[in-house]
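Structure record follows, encoded as structure tokens.
The values are calculated or read from the model by the stated rules, or taken from the named source; none is laboratory data. These numbers were taken from a predicted model, which means no experiment stands behind them. Positions of Cβ are generated from backbone atoms using ideal geometry, with glycine treated the same way; all protein chains shown enter the neighbour counts. For accessibility, only protein heavy atoms count, side chains too; no ligands or nucleic acids. Shrake-Rupley method; radii C 1.70, N 1.55, O 1.52, S 1.80 Å.
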Amino acid sequence: MGTKVRDVMTARPRCVAPETPLSEAAQLMESEDVGSLPVLDGEQLAGMITDRDIVIRAVARGKDPRGMPVREVSTRDVVAVGFEEDLSEALKLMASHKVRRLPVIDDENRLVGVVSQADVAMEAKEKAVGEMVEEI
């Protein structure tokens with residue numbers, strides 16, 4: 001049986017609201033050492049904001065990130081994965097949509113975590129080590 005997304009995801013990731021100023025989102029990305037944050041409207045996943053969104057859609061266009069809300073530059077059409085999905089499904093989604101982090105949702109589109117390529121790589125490495133030890 002394959003590893004499930006819920007087994008390797010980061011639970012309760014830091015998030016921002018649609019009205020959060022871009023500068024605050026950028027500071028949170030810096031302090032958490034991440035390049036993207038889920039955008040939540042209440043408990044519902046409303047989008048993702050990336051460091052690239054801030055640079056390309058705001059700074060490069062001469063907009064002031066201190067007063068501009070996240071909703072103006074965030075990606076709303078977000079690819080997400082269910083927490084019960086196999087990890088292989090998350091990998092396929094990451095590859096086909098060229099993203100490194102996927103929000104993980106429950107059956108009601110509520111954010112329950114985030115899974116990253118690093119999470120997947122760590123799991124694969126541990127599994128490979130486990131299989132090697134098993135063979136020895």
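Here are some notes:
- For the range 84-98, the set of residues classified as touching a Lys or Arg at 6+ places or on another chain (Cβ under 8 Å) and either open to solvent by less than 70 Å² (accessible area, probe 1.4 Å) or under 12 Å from Q117 (Cβ atoms) (or both) consists of D86, L87, M94, listed by residue number.
- If you check G67, G47, G2 for being in contact (Cβ under 8 Å) with a residue 40 or more places away in the chain and either β-branched (V, I, T) or in contact with a strand residue (DSSP E or B) (Cβ under 6 Å, 6 or more places away or on another chain) (or both), only one passes: G2.
- Residue in the range 65-101 that is modelled with the lowest pLDDT, counting only those that are of a type in the set (S, T, Y) and not in a strand (DSSP E or B): S88
- Only one of the numbered conditions (1) open to solvent by 40 Å² or more (accessible area, probe 1.4 Å); (2) within 14 Å of V120 (Cβ to Cβ) is violated by V55, and that is (2).
- With respect to the conditions (1) in contact with a strand residue (DSSP E or B) (Cβ under 6 Å, 6 or more places away or on another chain); (2) closer than 16 Å to M9 by Cα, R76 falls short on a single one, namely (2).
- Residue in the range 58-71 that is nearest to L22 (Cα to Cα), counting only those that are surrounded by 11 or more Cβ atoms within 10 Å (Cβ to Cβ) and out of contact with any Pro (no Cβ under 8 Å at 6 or more places or on another chain): D64
- Within the range 9-41, the set of residues being part of a helix (DSSP H, G or I) and either without any contact (Cβ under 8 Å) to a residue 24 or more places away in the chain or open to solvent by less than 20 Å² (accessible area, probe 1.4 Å) (or both) comprises L22, E24, A25, Q27, L28, M29, E30, S31, E32.
- Qualifying positions in the range 5-26 - among the β-branched types (V, I, T) and either over 16 Å from the mean Cα position of the chain (by Cα) or over 13 Å from V73 (Cβ atoms) (or both): V5, V8, T10, T20
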